[in-house]
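Below is one structure, written out as structure tokens; comments come after it.
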Amino acid sequence: MYNTILTELENGTLIITINRPDKMNALNRDVVGDLGKALDEVYTNPEIRSAIITGSGEKAFVAGADISEFTSIGPDGGEAIAKRGRELVFDKIENCPKPIIAAVNGFSLGGGCELAMACHFRIASSNAKFGQPEVNLGLIPGYGGTQRLTRLVGKGRAMEMLLTADMIGADDAKAAGLVNHVVAPTDLLAKAKEILQKIHTKSPLPVAAIIACVNECADGDHHGFDKEIKRFGQCFATEDMKEGTSAFLEKRKPVFKGK
Ligand code: COA
């Protein structure tokens, strides 16, 4: 079904592994297409409650967009690559109502860092390295890197990473707020799965609403507070809210149905 990625559904989590280890899992046209299709599956398959994006091999998560595809295109082609990626993959990840975590297992550079940043949050193995080296190629990020990096780590740190192209290690990425947890490479997927299993015990309705609200804030939406109030109100129309509040008062565990 896919040529450049592997997918495996385990306990409601779709594990998406970018599978071009000999090319450091660089994002070429086919990878972007395959990721787009896998994300459609995440959106539409009710058996999928969450997803993990990771890279195959021990060296790279994703070492960027595939630079070999950049040599024979002009400004319109460059813009088209960035727009296609944003539409098929990056915005689709960010706006997905189901949680998507990046499990960063090595180099996360350029489009790879952007892919990790589009995910709802990130877990890194201790050997992960993050960077936006586009400036070394006479380029800038095109998959949202200038925007999402600034939101995540703040203006000063983002400027330095983007302007120097310097990589930072996993611990520095954690200190900067780029990743939430740093674990041994062998524990990476287990940690991501464990967090998602915890989220699976919640109702998917507030989970989706929380993702939308937090994205609105990160997007600088001036109506974020009003939208939160609306969504708060909408929770009261759900069976899961009635179940959650009753279960608390009855001192038992809730059984959510996603309704
Ligand atoms: N696009 C296309 N091919 C890439 C790639 C990319 N972004 N990143 C790595 N590769 C390829 C290399 O060309 C090489 O292919 P080859 O074996 O056919 O020559 C293969 O992956 C292995 O990479 P190599 O550079 O030999 O490994 P390394 O361990 O010495 O270095 C990196 C690893 C990640 C530091 C280095 O590959 C690198 O700097 N990559 C580019 C990062 C970048 O600029 N990304 C932004 C793109 S916009």
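The values are calculated or read from the model by the stated rules, or taken from the named source; none is laboratory data. Every value quoted in this text rests on a predicted model; they were computed, and no experiment measured them. Here the Cβ positions follow ideal geometry from the backbone for every residue, glycine too, while neighbour counts run over all protein chains shown. Each accessible area value is taken on the protein alone, full model and side chains, heavy atoms only, with ligands, DNA and RNA left out. Shrake-Rupley method; radii C 1.70, N 1.55, O 1.52, S 1.80 Å.
At-a-glance table
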| quantity | calculated |
| --- | --- |
| Estimated dipole of segment 20-172 in Debye, rounded to 20 [Cβ of Lys and Arg +1, of Asp and Glu -1, Cα centre] | 300 debye |
| Debye intensity ratio in log₁₀ form over the Cα atoms of segment 103-186, taken at each q of 0.10, 0.15, 0.24 Å⁻¹ | -0.19, -0.44, -1.15 |
| Carbon plus sulfur fraction of accessible area for the chain, probe 1.4 Å, in percent | 57 percent |
| Loop-located chymotrypsin sites (Phe, Trp or Tyr not before Pro) in segment 166-259 whose Cβ has at most 15 other Cβ within 10 Å (DSSP) | 236 |
| Extension reserve of the residue 126-residue 215 stretch, reckoned as 0.36 nm per residue once the Cα distance is removed | 29.3 nm |
| Estimated FRET transfer efficiency when R0 is 30 angstrom, pair residue 249-residue 197 (beta carbons, to 0.05) | 0.70 |
| Residue 119 accessible area, 1.4 Å probe, all protein chains in place, Å² to nearest 10 | 10 Å² |
| Order by protection proxy (mean Cβ within 10 Å, highest first), peptides 12-19, 104-111 | 104-111, 12-19 |
| Taking segment 94-197 and dividing mean pair separation by its residue count, relative contact order in percent (alpha carbons under 8 Å, at least six apart) | 32 percent |
| Accessible area per residue, Å², the chain with all protein chains present, probe 1.4 Å | 53 Å² |
| ³J(HN,Hα) computed for each position of segment 246-256 - Karplus, 6.51 cos²θ - 1.76 cosθ + 1.60, integer Hz, glycine/proline x | 5, 4, 4, 5, 8, 6, 9, 7, x, 10, 8 |
| Among 68-78, 29-39, the order from most to least packed when residues are scored by Cβ within 10 Å on average | 29-39, 68-78 |
| Cβ-Cβ FRET estimate between residue 30 and residue 87, R0 fixed at 25 Å, reported to 0.05 | 0.95 |
| Contour excess over end-to-end distance, with Cα ends at residue 227 and residue 242 and 0.36 nm allotted per residue | 3.3 nm |
| Viscosity 1.002 mPa s, temperature 20 °C, Stokes-Einstein D of the chain from Kirkwood C-alpha radius, µm²/s | 113 µm²/s |
| Net charge over other residues, Cβ less than 14 angstrom from the Cβ of residue 63 (K, R count +1; D, E count -1) | -2 |
| Potential extension, residue 73-residue 175 segment - 0.36 nm per residue separation minus Cα distance | 32.9 nm |
| For residue 104, residues with placed amide H under 5 Å, excluding near neighbours | 123, 124, 125 |
